[in-house]
1. Karplus couplings for segment 58-68 from phi (6.51 cos²θ - 1.76 cosθ + 1.60, θ = phi - 60°), rounded to Hz, Gly and Pro as x?
2. Taking Cα atoms of the chain, Rg/Rh with Kirkwood Rh, to two decimals?
3. Based only on the alpha carbon positions, what is the Kirkwood hydrodynamic radius of segment 21-203, in angstrom?
4. What's the local net charge at C249, with K and R +1, D and E -1, over the other residues with C-beta under 13 Å away?
5. Rounded to the nearest 500 deg cm²/dmol, what is the calculated helix-only ellipticity per residue at 222 nm for the chain, with -39500 (n - 2.57) per DSSP H run of length n ≥ 4?
6. Have a look at T109, T305, T189 and tell me which one the Gaussian network model of the chain (Cα, springs below 10 Å) gives the largest fluctuation.
7. Per-residue HN-Hα couplings for segment 146-153, Karplus 6.51 cos²θ - 1.76 cosθ + 1.60 at θ = phi - 60°, whole Hz, x for Gly and Pro?
8. Could you work out which residue, out of L236, L121, L226, moves most in a Gaussian network model of the chain, that is, has the largest mean-square fluctuation with Cα springs under 10 Å?
Amino acid sequence: MGPAKIIACSRLYHSRQGDYRVNYFGKFRGGLPWNPRLPLVLAALALVIILTGGWVRIADAGESCPDWPACFGGYHFDVPPEEQQTWWADHPGEADQRWLDDPDFAYTTDQIFSEWLHRLLVGLIALPLLWSHFAVWQRRAALPGAAEAHLHATALLVVQAAAGAITVGFDNAPWSVALHLLLALAFVTALARVALLARLAAGALPERLCVSRETAEQQARPVAGLALAALVLVLLGAWLATGYYRGACGGGWEAWPLCEGTLLPGLELGVVAQLLHRFLAVGVGAALFWGGQWLRNNGGRSVVTRLVDGALGAFILNLFVGGFYLVMASGSDYPGWLSLLHLLLGVVTFLHLAVAWLLCAEPLRG
């Protein structure tokens, strides 16, 4: 490994006591024990939370717990229809519009459980996140970059919880759902950054994760642009799905790859949203393909190009998943499992690019 690569793949911090090689296991000067894999475990749990949130939307259960943080005034999910209707009657300001239109309306136990589980997981991740936060803070002399990054991650969880309350308060308005997803993806990325900075502080990255300084400086911005484009596409998809514009182009083979069986349908809001999503998808796919080619021609094959290729693979698969989601629709009934897979692949595409950017950008800051 040449000197340039060594500089780009390591970040050793110093203190008055000299160099630190952080002992991640056991206690640190009487502090909390900590493992550098913990942020990655928390990131994986955050992905599960994102998927449960997606299922809440798919199950049309976003308002099944109308108050926050409680659910119909309690903390359980088994709320009989009559109790729901009584609660809405006693809280007219938070009454569900569907109940206002139909006094016999009530959510199923499965719908309430999906929202209840989503909130429970958010609560469960808070405890190990706080543990990790204070453990890293105790090591801040050895992990100054990681300590700052962890502060960002912890703050994002707090903001995300507030955004969840806002989402409930605005009856799952499309913009609020997109904001909720944006903060969740920022949270996962922040946790990945904590893990990377902690590893850099301990010594050089493994060879398979190294990018030369020259290549990193050249590729950081293009990869950031690809990640931003993929993020916009995912958020637009969340806004589109929550706004119930999924059926704007019809159903079956007339809905995809064409819209209402034609290339240039009418210009209703739902149709425009569908076409915008599709045209942006074509643009992102082209950018991933040609961007990957450019990265290989300007730096050779590396972990960055492998991650971009992985993002492209997930993206191509997602194109077909999104198409078959529309093709397999029956009337107003859409296959929920395909919608969840569509969300998962979109998130995977973005995270591939986000990690590629972190591997380019963070070692250069040292």
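1. Karplus values, whole Hz, x for Gly and Pro: 5, 7, 6, 10, x, 10, 6, 10, x, 10, 8.
2. On the way: Rg = 23.1 Å, Rh = 22.5 Å.
Dividing the radius of gyration by the Kirkwood radius yields 1.03.
3. Values: mean 1/r = 0.0562 Å⁻¹.
Over segment 21-203, the inverse of the mean reciprocal pair distance is 17.8 Å.
4. On the way: positive: R246, R278; negative: E254, E260, E268.
Around C249, the charge tally is -1.
5. On the way: 11 runs with 241 residues, N = 366.
Per the formula, -23000 deg cm²/dmol.
6. The residue that fluctuates most here is T109.
7. Per-residue couplings from phi come out as 5, 5, 5, 5, 5, 4, 4, 4 Hz.
8. L121
None of the figures in this text is laboratory data; all of them are computed from the coordinates on show. Source: prediction; values computed, not measured. All Cβ positions, glycine included, derive from the backbone under ideal geometry; neighbour counts span all protein chains shown.
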